[in-house]
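Structure, as structure tokens:
A short reminder: the numbers here are calculations on the coordinates, not readings from a lab. Everything numeric here is computed off the predicted structure, so don't read it as measured data. Don't worry about glycine lacking a Cβ; one is built from the backbone with ideal geometry, like all the others, and counts go over all protein chains shown.
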């Protein structure tokens, strides 16, 4: 019962206020000689800002019959021809002067967009009778009020990975006008965090845009430009509405809009075992390439990988795998030919991965992409500080293929690169004698990985070094570290004997292994390891006949010994 009484009281208050709003001001005396009058309308807005005069409201008045009671817009052409229109000025005032006496229909035909609803049509007489019924009012004044709404919204632009605010990203604010979206105000740029101010004069955080004073209606933000390397998603729109709530206060249904921009990154690593970043000739090098997948990858025209491989590495066919990984770590291996195409150069020094629409659809439902493959270090490898490189290039569109209107975008692309060199070392051996003369040819060496192996004849397979005519021999394709050289065949030299004949003789073999170090600077002739061989000495002999005599005596002694032994056994 009490609630019903309160509702009735509230209704009476509203009716009273409306009557007061339209009540003419009395400032007249009885004068029947006048033939013209005027109508002054002062327009007010009532809302979050209080009561203020309202500029930009258009009123139309029509001269109707003196006994007209309808407030519907007239259809009679004669009445329509009497139409007069005026718009309130900065003081909220519009005045219709020199009006013929009679009844007029007043229509609020247009109002600013912050007006929630226009006032109802009303009738007014020129002149009007005063409240006490003793005079006529020829200059009538009315003060209708409109409820208005002013809303505000904050847009925050952030990096999708770091959530860091992004400055100078441009957005266009649009307002729904009937069924058509139109630009509302100027293009907006996100704050840099130092100079841009909010509505109360405080510095806006980096990446923010604040818009205030929005009249009731439906709005949306559209991203127009972004920062270098980021993907511009101008297909997605961010909508919100400004309206009047049941409590008479402004309601914004999405007052904080967070928009994320994605900027791909690229990583690359060698997953096989390395020794100080180096490998041996013939070793397999395994590579893993990783990148976060853009959420709108299926909206990109271009998304591909190019891999360039140095001459010192050979791509291993059929080792390539492309895998998508979701947020839980579950992996989906993409299928060659269905989800991506693989173009390999004839010399296998380069390959290209291009994703099909089907592949992009799979990628769009995952978070990370992994590409792995193997290559083998070959004889063309570089044994210096340059190393042997594989270069990865990720090329992607920096704008989605269609904008929010369905119009095809003008594509721009960006590239990311990742280099992962692998190294190998080598050595040079220079053979000299004890007088520092170059030993021209013939020394043979093998290489062991440690001193024990060297002493036991356990060598690295496939390595045999033989010095050439310049006394040099080199080898590349050793991982960095310490090795042991074993001379397995001594070099030779020519010498003239006492009889004047030229005979070939061997230098002395090295008696123990030689320790060497291999790194990125040892494969160079100017740092060749000098290994010295010394000439041997000829032992004296008794000649050929003496040797035969000695041999014969030895045989005779053996025979006599055997006979004596048999004689003992017979006894």
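For this structure, a couple of remarks:
- Annotation for residue 110 and residue 456: the two label points, set 7 Å from Cα along the Cα-Cβ direction, are 10.2 nm apart.
- Normalised contact order of the chain, rounded percent, pairs of Cα under 8 Å and 6 or more residues apart: 9 percent
- Crossing angle, helix 544-570 versus the chain [Cα axis fit, 0-90 degrees, rounded to tens]: 80 degrees
- Nearest-0.05 FRET efficiency for residue 494 and residue 354, computed from C-beta distance (R0 51 Å): 0.15
- Between residue 323 and residue 249, the simple spin-label model (points 7 angstrom out along Cα→Cβ) gives 5.4 nm.
- Helical contribution to [θ] at 222 nm, DSSP H n ≥ 4, -39,500 (n - 2.57), averaged over the chain, rounded to 500: -3500 deg cm²/dmol
- With Cα atoms, 0 to 90° folded angle of helix 2-22 axis to the chain main axis: 70 degrees
- Prolate/oblate/rounded label for the range 268-419 (Cα gyration tensor, a/c 1.5): prolate
- Within the range 359-401, backbone nitrogen closer than 11 Å to the virtual label 7 Å beyond the Cα of residue 524 toward Cβ: 384-385
- Label-point separation, residue 515 to residue 55 (7 Å along Cα→Cβ), nm: 9.3 nm
- Stretched out straight at 0.36 nm per residue, the stretch from residue 98 to residue 379 would grow longer than its current Cα-Cα span by 90.6 nm.
- Extension gain from residue 506 to residue 176, taking 0.36 nm per residue of separation minus the Cα-Cα distance: 108.8 nm
- Whether the range 412-457 is rounded, prolate or oblate, judged on the alpha carbon gyration tensor where a/c under 1.5 counts as rounded: oblate
- For the chain: rounded, prolate or oblate by the Cα gyration tensor [a/c cutoff 1.5]: prolate
- Maximal additional length on extending the residue 410-residue 134 stretch stands at 91.7 nm, based on 0.36 nm per residue less the C-alpha distance.
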